[in-house]
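Below is one structure, written out as C-alpha cells; comments come after it.
The values are calculated or read from the model by the stated rules, or taken from the named source; none is laboratory data. What you see is a predicted model; the values in this text were computed from it and never measured. Cβ: placed from backbone, ideal geometry, glycine included. Neighbour counts: every protein chain shown. Accessible surface is based on the protein model in full, side chains and every heavy atom, while ligands, DNA and RNA are left aside. Shrake-Rupley method; radii C 1.70, N 1.55, O 1.52, S 1.80 Å.
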Protein chains: 4
Amino acid sequence: MPAPEIPRVRVGMVGAGFVARLHAEAYRQVHGVKVELSWVTAARPERAAAFATEFGARRTAVDARTIFSDPAVDVVDLCVPNHLHAPLVVEAARAGKHVIVEKPLTGFFGPPATPRAEMRRQALAAVDGVLGACRDAGVRLCYAENWVYAPPIQKARRLLAASGGPILRLVGEESHSGTHAPINKRWETGGGGSLLGKGCHPLGAALYLKADEGRRVRGAPIRPVSVMAEVAQLADTEAFRASAPRYLNTVEGADVEDWGGMLIVFDDGTVAQVSASDAVLGGIRNQLAVYGAKAVVFCNINPNDAVRAYAPDPAVFAGEYITEKIETKAGWTSPQPDEDWMTGYPQEMQDFVESVALGREPLSSGALARDVIAVIYAAYLSAAEGRRVSLGGASA
Amino acid sequence: MPAPEIPRVRVGMVGAGFVARLHAEAYRQVHGVKVELSWVTAARPERAAAFATEFGARRTAVDARTIFSDPAVDVVDLCVPNHLHAPLVVEAARAGKHVIVEKPLTGFFGPPATPRAEMRRQALAAVDGVLGACRDAGVRLCYAENWVYAPPIQKARRLLAASGGPILRLVGEESHSGTHAPINKRWETGGGGSLLGKGCHPLGAALYLKADEGRRVRGAPIRPVSVMAEVAQLADTEAFRASAPRYLNTVEGADVEDWGGMLIVFDDGTVAQVSASDAVLGGIRNQLAVYGAKAVVFCNINPNDAVRAYAPDPAVFAGEYITEKIETKAGWTSPQPDEDWMTGYPQEMQDFVESVALGREPLSSGALARDVIAVIYAAYLSAAEGRRVSLGGASA
Amino acid sequence: MPAPEIPRVRVGMVGAGFVARLHAEAYRQVHGVKVELSWVTAARPERAAAFATEFGARRTAVDARTIFSDPAVDVVDLCVPNHLHAPLVVEAARAGKHVIVEKPLTGFFGPPATPRAEMRRQALAAVDGVLGACRDAGVRLCYAENWVYAPPIQKARRLLAASGGPILRLVGEESHSGTHAPINKRWETGGGGSLLGKGCHPLGAALYLKADEGRRVRGAPIRPVSVMAEVAQLADTEAFRASAPRYLNTVEGADVEDWGGMLIVFDDGTVAQVSASDAVLGGIRNQLAVYGAKAVVFCNINPNDAVRAYAPDPAVFAGEYITEKIETKAGWTSPQPDEDWMTGYPQEMQDFVESVALGREPLSSGALARDVIAVIYAAYLSAAEGRRVSLGGASA
Amino acid sequence: MPAPEIPRVRVGMVGAGFVARLHAEAYRQVHGVKVELSWVTAARPERAAAFATEFGARRTAVDARTIFSDPAVDVVDLCVPNHLHAPLVVEAARAGKHVIVEKPLTGFFGPPATPRAEMRRQALAAVDGVLGACRDAGVRLCYAENWVYAPPIQKARRLLAASGGPILRLVGEESHSGTHAPINKRWETGGGGSLLGKGCHPLGAALYLKADEGRRVRGAPIRPVSVMAEVAQLADTEAFRASAPRYLNTVEGADVEDWGGMLIVFDDGTVAQVSASDAVLGGIRNQLAVYGAKAVVFCNINPNDAVRAYAPDPAVFAGEYITEKIETKAGWTSPQPDEDWMTGYPQEMQDFVESVALGREPLSSGALARDVIAVIYAAYLSAAEGRRVSLGGASA
C-alpha cells in the first residue's frame, strides 16, 4: 500500500503582528496537510522580514495586493485590524483566493454619534458585500471564530447531540480587564466595544450550537429572531472615576461600551443570554453554559482547574505566562498549560487548511459571521432605543 | 457581675407547612434571645397539633385572627401562600403585631391575560398598602429574604466594603428544575413565575448590596432606575414537548414563565444581570457574582464544593438528603452539609428576633421588599411590551 | 403546655488567650442550654479582666485551682498549652469537674534526643493517667477535636452510613505555612511537630469515621492496628535555606518535624493516609477524602468555593479576614464566610454543653483522644526506626 | 528561501490492540516530521490487517522479528503486555532499532509467593539488561511515560523553574475502579498491581520533576534515596466481600495489591507521597500536587473542570465518551474534551519521533524508567518486610 500523497496549502499572510504569529504557531501544528507560508506582508518591511525568519515564510511584501496576484497562493490569511477586513476580503476573493479572516468579520466604522440604525445598516451591507464577493468568486470564507473549535465547545456539541434533547438556554460570557490599545476602544477603528470585540465569541458559539442542533433535528439551522440589550461604560461612571487606584485598563477618549448584555430569542422559542465586559478583574473569562432539556454542559475555556498555582508574591512567576489580562501573578491562579489549544487555534487552522485542501466548508463560515454581526448591531440598536429589535428582516 | 436578663420574643406562627417548619427549625437555633412559640394556626387542626407537638408551640388555632388578638404575642410569622401575604400583614399590623413575611412580599394575583401595566399597578398598590399599614401601626416588617443573610452574601458585602471600590456589575441566578405544585405555576395564586418566585432572591441580594454600598459611600441607597427583560415558557416550546423522556417538573396548564432574564441599570450607571429559571437540570443553583472596581467576589450559596460526593447508582444515597431539586442521586453531587445555614435561615431568624427584641430595623426590611416588587413587575411589563421600563415614577 | 425549663451549664475557663476566645464565641451561639461563664483565669489578671468584660464572665482568678474548688462550676474548659493539659485535667477531674480540653489531649514533653520508644511510653502513660482520673471521678472528658463536628465530616458520616458499604480508604491532610510561635516548634512544649499539632485533626476525623462504621455494622469500633510513617524538616534542608526570599514561617532552633506522612492499617484490612505539614503555602488546607465501597465523599473544610474572591493587590482586602495562614491577600482566594462554623467550633461546644447538661457522652471523647495519641507516637517511632509499628499492645 | 526538507521516521508497530491504536492516533497528529507506519504485527493476522487499513500501515506480519530485520524501519513501537517488554526491547535494540516501549519498562513476572527481595533483584536485572542492550547498540530507548508530556505537568515544571525555589514535597495519585482483565491482576503477567500499573505514572512525574530541578540547580538529577510503603487488597477484605452490590471491577483469583501508598525521600531531604488504587469509584483520578518553597502547583490531568456535564439518567450520554472507568454516566461528570491530549499522548509521540529524527534524547528515557522500577520494587519489599528500604545500592 503506497503512502497517500499529502496535500499542500500555500498561505499568504497579510499582517505580521500578534494575531499573525498566533496563526503561524497554529499552522506549525497542522498535520496531514502540508502548509507553506508563501508570503508575509507588513507595512514595515523589517517586521515582515523578522516574521519570515521566525516562521519560515518564503517571501515578504509591503502590499497585500502582491500576494493576491500571485497564482502560487491558495489562501490569504488576513490578520489586520477590524476596519480593513471587508475591503481586503473582497479584493482577495476577486483575485480568486480563499480567505481566512479574523472575527468580527466586519462592522460599522465611523463617528460614535451615528444613529444605531444607520450603523446596523452599514454593517450588514458590508457583510453582504463580503459574502457576495466570495460567493461570486467561488472561494471559501473561513471565519476565524476560534470558540467553535475550542475543545470544550466541541465536547458540548457532541454531548448535547448524544442527549437528543433541545438546547433550551445558553448563557455565555467573555470578559476581562480591558485594553490600553485605543484601536479597540473607538468606533472609528473598532466598530464597537465589548459586545463586538469580546461578545462575538460566546455569541458565535451559541449561534453555532443552535444552528448545529437545527441541522441535526430539522435539516436547517435554528436562527435568532430578536434581541434586547443594554450597554454601559462602567469605567466612565462617577463612582469608578472617584475610585483609586484603578486596576482596569482604560483609554482616554474611549467612545465604546465596556459592558454589554444581550437577551436573544431563537426561532424555536429558546433563549440565550450573552454578555461581554472590559471591566472584569482577575483574568480572562471564556465561559458558556448550555442548558438542555436532557442535559447540562458547562464549558470553561478559561479559567479552568487543569492547573492551579499559587505564588506568595507577584515576582515568583514573573518569567512564566499565567493567563491573559490578569492584574497580579500573586495568589491563586489558573495558569493555562496551553492557552492556544484550549481556545481552539490549532484546531481552527487544521479545519481551515483542510477545507481549502479538500474543498469543503469550514465549520466556522460566512453564514455564522453574518449572524454574529446581525445580532450585535441589533443589540446596539436595542440598547440605544430601549426596545426589542427583530432580526427578521435583517437576517439573511 | 450579675448575668444579663435574656430578652424574650413570643411568636405566633400562621401556617404549619414546609416554610413554617423551616422557620421553627431556625428559631431553635436562636441564641441570646428566648423565642417562645406561643401559637400555631392551620386550617386543619391536626396539622397545627402535630406542629405544636414537634416544635413546642403552646397553643393552636384555626384562624390567624385568634393570634392577632392575643396581647401575649409579639410578632406574627406568616408562612402562607403568596396571595395571602398582603391582607394578613395588614391585619396583623393593625392589631399591633410585628410581622415576619416570606418573599415575595406580595404581587398581582389574577387572570394571566391582564395587561402587564395593570399587573404592575396592582402589585405596587398592594406593596404600598402593606408598607403603609406597618408604618401607621408602628410595627416592624421583617421581609424574609434569606439571601441577605446567607454567609457568602454577607462575606461579599464585607469584602466589597473593605475594597473601597464601587460594585460595577452583579450577575445573579436562582434556578432549578421546576415544581409539580400548580400553586406556583399560575398567576392567580403565584403572582408570577420564575422571575418572581426565584428571581426575587438574587435580585434581592443585588439590590441589598448596591443599597448597602450607597449608604456607605453617600449616605443613601443606590437604587435601580430601569429594567429590560425577556421571559419565556421554555417547557412550552414544541422542541421540549417533542422530547422524551422529560426531566423537568412541569404542570399542565401553567400560565407563567419558566425563565426570565433582567438587565437592570442603577442610578450610578452600574448594572445587574439577574436571571431565574425553572428549566435547569442538575440541582438548585443559587449564585451571585459581584464585579467591583477593585475586587471580584463569587458567592456560591449552592452548589459549592464544601462536600463533593459520588454514588455509582441513585439507590446508594437513597436515605440521605443531597440538594434541592436534583433529578438523580447518582454520579457526582455537591451535597449540602447544612443547607439551612448556607442559605441563611437561622441567621435571618436571629436578626428578626433581635430586631423585635431590641427595637431596631432588620437587615431585610420593607424597603427592600418594595424594590424587588417594583423591579420584577417592571420586568414583566418590559418583556410584554419589548421596551425598557423606567422605575423612576413607580419606585418609592 | 408550659415552656420546658432550659438547663444551665456553668463553665470555668482556664486561659484567656486565642483558643479561649474561640470557645467563648462558640458558647455564645449555644441554644437550648443556658451557658454561664462563671470564671475566667489567666496568669496576668488584666487579661482575665479584659476577657471577662468582653464575654461576660462573672469572676476572674489567677490560679485554675480557684475554679476547681468552686462548687458552682459544672465544667472546666482548659485553654492552655499542650504540656499543661494532663496535669490540669487530672486535678479538675479529682475536684469533680467535667472537663473540656483542647487537642492533642497530651503527649511527651521533653528533650528531642529522647528515644521515640520512650516518648511513646510516656505519652501513653500520660493519656492513661488522664482517662483513669476521669473514670475514677465519674466526670466526662470532652476532647475538643473540632473536625468531628465540622459539617463536611458529619455529612460524610451520614452519606457513608446511607451507602451501607465499608470505608476502604481515607486520605486526609491538614497543612499550612507554619508558625512563628516557638512553643509549637519544640518537643519540650509542643510534644511534637506537624504530625501532632496538625495531623491530629485529619487523623481524629479518620479514626472517628472508622469507629462510627464499626459501631454501626458490628457493634464495636474499627480500630487502627499499625502505622508506617516518615517525618522531615523540610525547612531545614540545604535547598530551602539556600532559597530566598522565604515565605514559610519558621522558628530558629525548631527541633520538631514540619512534615509527616502516615500509612495506617485498620483491623478490617482497610487503610488511611494522613499527612500534615507546616511547609505549605497558599492558606490552610483541611481536607479529608473518604473512599467507600459504594460511595466517595470529599470533605473540603477549607479551602472550598462557597466564596471565591479576587483582589488585584494585597492592600485591597487589608481590612477583612480571608483565611488562616495565607501569605498574600492578592489574587484569587477562598475567603471563609464563617470559618468557626465550617470547622465545627459552635457545633462542638453545643455538643459538650449538652453532654454535661444531659448526662451523655460527647461525640468526641477520651477514647478518640487516646487513639490519636497512640497512632501519632507510633508514627514517630516508625519514622525513627524505619519500620512498621504495631498498635496492638499499646492501644487500649 | 526554499522550504526545509521534512524529516521522515518509519515506525514498525508491534501489537495492534488498544495501546497500539492510541499510539497510531497520536502519530497522526505529529507535525514537522513525516511518520510512516511501515509495519504492524499481531498474532492474529486479521487484527493486523484491520489496523493497517484503519491507520494506513503499509505491511503486516505475525512475528515482530520480521520488523526487526527490515532495514527500512527506524523505530520499533512495542505495544505488548508488560512481561514481553524486556525481551523484545533487547531483540529490537540488537537489531539496531530505536525502541518505544510502554510503561512499566519491565518488572518481575512469576509466582506471587516469591520473596519481594528476589522480585526486586530480578526486576532490576531485567531493567539493566534492557538499558545495557540499548547502550551497547547505540539506539534510543523512548519510555512512554505520558505524564511527563501531560500539559499540566509541563506547566508545573515551567512554573517551578520560574519560581526558583526547590520542590519540598510532591503528592501524586492515579486511581480508578479497577479492571476485569486478569492479565493486570496477577504477578505472572502484570508484574505487580496498582503500584506498578498505576503508581508508575505519578511516580514517574514526581521523579521527572525532581530530576529536572536537580539538573537545573546543580547539574545533576535529584534522586530518590528511600521508600516506605504499604499495600493492600481492599477488595479482598471481609467488609468488601460482605457488601453488595459491588461497583469495583475485580477479578477472581487476583493476587496483586489494589492499593499502595509510598513515602519517598529524596537525596536533598525533600519528599514525595505517591499512591495508586484500583478501588476508587467515580472515574479515573490523575493528580499531582507540587509544594515548592516559593510556589504551589496542582496538576489535575483529570478530572478537571474544562467541561462539566450533567445527565439526569445514564442513558442520556450513552453514545458519548465521558471519562475512563466511571460507573455511571448519570449525575455531574467532568467529561474530557480530548483525553489523549490532556494525558500527553500526542506530545509524547511528537517528542519520540523528533528524538529519532533529530538524534537527541527524549524527555522520558531509560534513566527515568529505571528509577521508577527501582522505587516500586523497593516499595513492595518495604511493605512485605515492614521497613524502610534504601535505594542506595540498588539505584544506578
Open item on the list: Once the label point is set 7 Å along the Cα-to-beta-carbon vector, what list of distances in nm do you get between D:Ala318 and its counterparts in the other copies?
Closed with: 2.4, 5.9, 6.2
Open item on the list: Connecting C-alpha atoms closer than 10 Å in a GNM of chain A, tell me which of A:Ala220, A:Ala244, A:Ala20 has the biggest fluctuation.
Closed with: A:Ala244
Open item on the list: For a quick check: with amide H placed at 1.01 Å from N, whose amide H comes under 5 Å from D:Ile100's, ignoring anything fewer than 5 positions away on the same chain?
Closed with: D:Val76, D:Asp77, D:Leu78, D:Cys142
Task: Copies compared at C:Gly129 - label distances in nm, ascending, label defined 7 Å from Cα in the Cβ direction - done: 6.2, 7.6, 9.4
Open item on the list: Using a 10 Å cut-off around each Cβ of peptide C:313-323, what is the average number of partner chain Cβ atoms that fall inside?
Closed with: 6
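Could you list, in their original order, any pairs among C:Lys155/C:Lys198; B:Lys294/C:Lys329; A:Lys155/D:Lys329; C:Lys329/D:Lys210; D:Lys103/D:Lys198; C:Lys294/D:Lys185 whose Cα atoms are separated by more than 18 Å? Intermediate values should be presented prior to the final figure.
Working: C:Lys155/C:Lys198 22 Å; B:Lys294/C:Lys329 13 Å; A:Lys155/D:Lys329 15 Å; C:Lys329/D:Lys210 30 Å; D:Lys103/D:Lys198 10 Å; C:Lys294/D:Lys185 21 Å.
Too far apart for the 18 Å limit: C:Lys155/C:Lys198; C:Lys329/D:Lys210; C:Lys294/D:Lys185.
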TODO: Find the chain B residue whose Cβ sits closest to the rotation axis that carries B onto D, and give that distance in whole Å.
DONE: B:Gly331, 1
- [ ] Show the residues, 5+ positions off or on another chain, whose built amide H is closer than 5 Å to the amide H of C:Gly331.
- [x] C:Ala311, C:Asp313
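Work out the length of the dipole vector of the protein assembly as shown about its Cα centre, built from +1 on the beta-carbon of each Lys and Arg and -1 on the beta-carbon of each Asp and Glu, and round it to the nearest 20 debye. The partial results should precede the final answer.
On the way: 164 positive and 176 negative charges, 1 e Å.
Computed about the Cα centre, the dipole is about 0 debye.
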Task: Cα-based Rg of the protein assembly as shown normalised by 2.2 N^0.38 Å, two decimals - done: 0.95
Open item on the list: If the elastic network links every pair of Cα atoms under 10 Å, which of A:Arg370, A:Arg121, A:Arg308 fluctuates the most in the Gaussian network model of chain A?
Closed with: A:Arg308
Task: DSSP-defined beta bridges in the protein assembly as shown - what % are antiparallel, rounded to 5 - done: 55 percent
TODO: Counting only DSSP beta bridges with both residues in region A:163-287, tell me the antiparallel percent, nearest 5.
DONE: 70 percent
Task: Per-pair calculated FRET efficiency, R0 = 22 Å: A:Arg360 and A:Glu25 via Cβ, rounded to 0.05 - done: 0.35
Task: Summed residue charge, Cβ within 12 Å of D:Asp313's Cβ, Lys/Arg positive, Asp/Glu negative - done: +2
Open item on the list: At 7 angstrom along the Cα-to-beta-carbon line, where would the label on D:Asp236 sit relative to the other copies? Give the distances in nm, shortest first.
Closed with: 3.9, 6.4, 7.4
Task: Accessible solvent surface per residue of chain A, calculated while the other protein chains remain in place, 1.4 angstrom probe, Å² - done: 32 Å²
TODO: About the Cα centre of region C:181-292, how large is the charge dipole given +1 on each Lys and Arg Cβ and -1 on each Asp and Glu Cβ? Please answer in debye to the nearest 20.
DONE: 440 debye
TODO: Provide the solvent-accessible area of D:Lys185, counting protein heavy atoms only and rolling a 1.4 Å probe, rounded to the nearest 10 Å².
DONE: 20 Å²
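Let me know the charge dipole size of region C:341-396 about its Cα centre in debye, to the nearest 20, where only the beta-carbon of Lys, Arg (+1) and Asp, Glu (-1) is charged.
For region C:341-396, the charge dipole is close to 300 debye.
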Open item on the list: Nearest 100 Å² is fine: what is the total accessible surface buried where chains A and D meet, probe 1.4 Å?
Closed with: 3800 Å²
TODO: Mind running the shape call on region B:247-329? Use the C-alpha gyration tensor, a ≥ b ≥ c as the square roots of the eigenvalues: rounded below 1.5 for a/c, prolate if a/b tops b/c, oblate otherwise.
DONE: oblate
Task: Fraction of antiparallel bridges per DSSP, chain B only, in percent to nearest 5 - done: 55 percent
Task: 10 Å Cβ neighbours from other chains, averaged over peptide C:152-165 - done: 6
TODO: Please work out the C-alpha center-to-center distance from region D:217-261 to region D:68-147 and express it in whole Å.
DONE: 24 Å
Open item on the list: Against the 2.2 N^0.38 Å scaling, with N counting residues, where does region C:174-233 land? I'd like the Cα-based Rg ratio to two decimal places.
Closed with: 1.44
Open item on the list: What number does region C:2-144 give for Rg over Rh if you use C-alpha atoms and the Kirkwood radius?
Closed with: 1.02
- [ ] Partner chain Cβ atoms within 10 Å, averaged over the residues of C:252-261 - can you pull that number for me?
- [x] 2
Open item on the list: Can you tell me which of B:Leu381, B:Leu263, B:Leu207 moves the most in a GNM of chain B? Springs connect C-alpha atoms under 10 Å apart.
Closed with: B:Leu263
Task: Estimated 222 nm signal from helices in chain A, with DSSP H stretches of n ≥ 4 weighted -39500 (n - 2.57), rounded to 500 - done: -11000 deg cm²/dmol
Task: For chain A, with +1 on Lys and Arg beta carbons and -1 on Asp and Glu, the positive-most of A:Gly253, A:Ile373, A:Gly190 along the dipole - done: A:Ile373
TODO: Please label the shape of region A:65-173 as rounded, prolate or oblate, based on the square roots a ≥ b ≥ c of the eigenvalues of the alpha-carbon gyration tensor (a/c under 1.5 means rounded; beyond that, a/b larger than b/c means prolate, else oblate).
DONE: oblate
- [ ] Take the alpha-carbon centre of region C:160-192, take the same for region A:309-378, and report the distance between them in whole Å.
- [x] 41 Å
TODO: With no solvent and one equal point scatterer placed on each C-alpha of region B:106-247, evaluate the Debye formula and give log10 I(q)/I(0) for q = 0.10, 0.18, 0.21 Å⁻¹, two decimals.
DONE: -0.48, -1.28, -1.44
Open item on the list: How would chain D be classified by its alpha-carbon gyration tensor: rounded, prolate or oblate, with rounded meaning a/c under 1.5 and the a/b versus b/c comparison settling the rest?
Closed with: rounded
